[in-house]
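Q: Below is the structure I would like to discuss, written out as structure tokens.
The values are calculated or read from the model by the stated rules, or taken from the named source; none is laboratory data. Note that the coordinates shown come from a computational prediction; the quantities given were computed from them, not determined experimentally. Neighbour counts are summed over all protein chains in view; Cβ atoms, including those assigned to glycine, are modelled from backbone coordinates with ideal geometry. To get the accessible areas, we keep the full protein, side chains included, count just its heavy atoms, and leave off ligands, DNA and RNA. Shrake-Rupley method; radii C 1.70, N 1.55, O 1.52, S 1.80 Å.
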Amino acid sequence: FQAEDGIRDNGAGLVGSEMCIRDREREVVSKWKVGAVFLEPQDFVGPSDESLLVSAYGIVDGFSDRIVVDMADGSFAKMDHPLGGGYDEWEGVHPSGDSAFVEVSDAPIGEPGASWFLYLYDLATGTHRIVTEPNAVSPHEPVFSPGGRWALTATAARGGWPGYSAGILLIDLEADAK
């Protein structure tokens, strides 16, 4: 539609093509429904994007909950919490769609000296395995390679604040699974 077509949405004051754009958007889940201070979308799950992985922050001070949202009806499920005794957050889905990274701390976020770990969580079974052992680096913001064999993760000094990267760590996920 074009503005000159004279088609208007009297409620919102939108014209023509603006109406079509607005119709493509919908809220899937809200922080009020989940009971969080804020939500962070992480990734889609399934061959037809049936679900959405969301991290919900502020449910308990310094913690986050991992939530899976059904895209069709907006229902959600909170996953086991926590894996590491403190903070954990979804961080991307494997290209096969069968697993996702979970970034985990053994303490609430912001607590000095926390150790960070990276887990691979099986979305079908709920089982998980540790990908990085606690060492001199704290892994965060991992990504999968398109083929799924490799992962890259930012690193920070142990106890450092996630998001402030000191380097990049390359992980062979196939070697790790053996």
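Q: So if I check each of Asp43, Asp49, Asp73, Asp80, which one is open to solvent by 20 Å² or more (accessible area, probe 1.4 Å), modelled with pLDDT of 85 or more and either hydrophobic (A, V, I, L, M, F, W, C) or not in a strand (DSSP E or B) (or both)?
A: Sole residue among the options that is open to solvent by 20 Å² or more (accessible area, probe 1.4 Å), modelled with pLDDT of 85 or more and either hydrophobic (A, V, I, L, M, F, W, C) or not in a strand (DSSP E or B) (or both): Asp73.
Q: Which ones in the range 83-96 are modelled with pLDDT of 80 or more, surrounded by 18 or more Cβ atoms within 10 Å (Cβ to Cβ) and assigned to a loop (DSSP other than H, G, I, E, B)?
A: His94
Q: I would also like to ask the following. How about the range 58-70: which of its residues are among the small types (Gly, Ala, Ser) and either at pLDDT 80 or above or within 13 Å of the chain's Cα centre (by Cα) (or both)?
A: Ser64
Q: OK, next. What tally of residues in the range 1-40 results from selecting those that are among the acidic types (Asp, Glu), modelled with pLDDT of 65 or more and surrounded by 13 or more Cβ atoms within 10 Å (Cβ to Cβ)?
A: The number of residues fulfilling the criteria is 1.
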